[in-house]
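See below for the structure under consideration.
What follows is calculated from the coordinates using simple rules that are stated; it is not laboratory data. None of these values were measured; they are calculated from a predicted model. A quick note on method: Cβ atoms are made from the backbone with ideal geometry, for glycine too, and the neighbour counts reach across all protein chains shown.
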Amino acid sequence: MPIYNKLVRDNIPEILTVKGKNFTSHVAKDKEEYQSKLMEKLQEEVSEFLEAPCAEEIADIQEVLDALAHSIGVDIAEVSNIKIRKAALRGRFVDGQILEMVED
């Protein structure tokens with residue numbers, strides 16, 4: 001039987017129950033465990049994206065980032081506003097600008 005010990009989406013235990021699977025799971029015992037598992041999940045999702053770039057993997061990364069924001073008490077709307085402000089001031093990452101060197 002595989003051992004996962006990783007954060008999964010909230011409906012996974014219900015889905016496994018409906019499928020008649022035997023499993024064990026628990027809700028993170030505290031904020032520290034939850035945030036640690038979110039960080040691990042972010043690394044997992046980024047690795048999956050790097051192996052196979054696609055919209056589904058980007059959506060998974062964004063879902064984890066939303067959960068991380070929530071876990072530290074940051075509103076997603078606040079994150080969006082910061083993103084907009086930074087884009088207006090410094091631009092985005094659309095054009096592919098590569099900074100090679102800056103003289104002192």
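Annotations
- Spatially proximal lysines relative to K6 (Cα-Cα < 18 Å; intrachain offsets below 8 disregarded): K21, K29, K31, K37, K41
- Ordered by the count of other Cβ atoms within 10 Å of each Cβ, fewest first, D75, D66, D104, D60 give D104, D75, D66, D60.
- Exposed-loop-free span, longest in the chain, where GluC sites (Glu not before Pro) count as exposed if DSSP calls them loop and at most 12 other C-beta atoms lie within 10 Å: 1-99
- Put in order of Cβ neighbour count within 10 Å, fewest first, the listed residues L7, L68, L50 become L50, L68, L7.
- Nearest-ten-degree value, helix 76-90 long axis tilted from longest Cα axis of the chain: 20 degrees
- The chain: angle of helix 55-71 to the longest principal axis, Cα-based, in degrees nearest 10: 90 degrees
- Cleavage-rule hits (chymotrypsin sites (Phe, Trp or Tyr not before Pro)) in region 26-104: DSSP loop, at most 13 neighbouring Cβ within 10 angstrom: F93
- Quotient of Cα Rg and 2.2 N^0.38 Å for region 30-90, N being how many residues it contains: 1.26
- Distant alpha-carbon pairs in the chain (separation over 21 angstrom), percent: 55 percent
- Given 14 as the ceiling on other Cβ atoms within 10 Å, longest exposed-site-free region of the chain for trypsin sites (Lys or Arg not before Pro) in DSSP loops: 30-91
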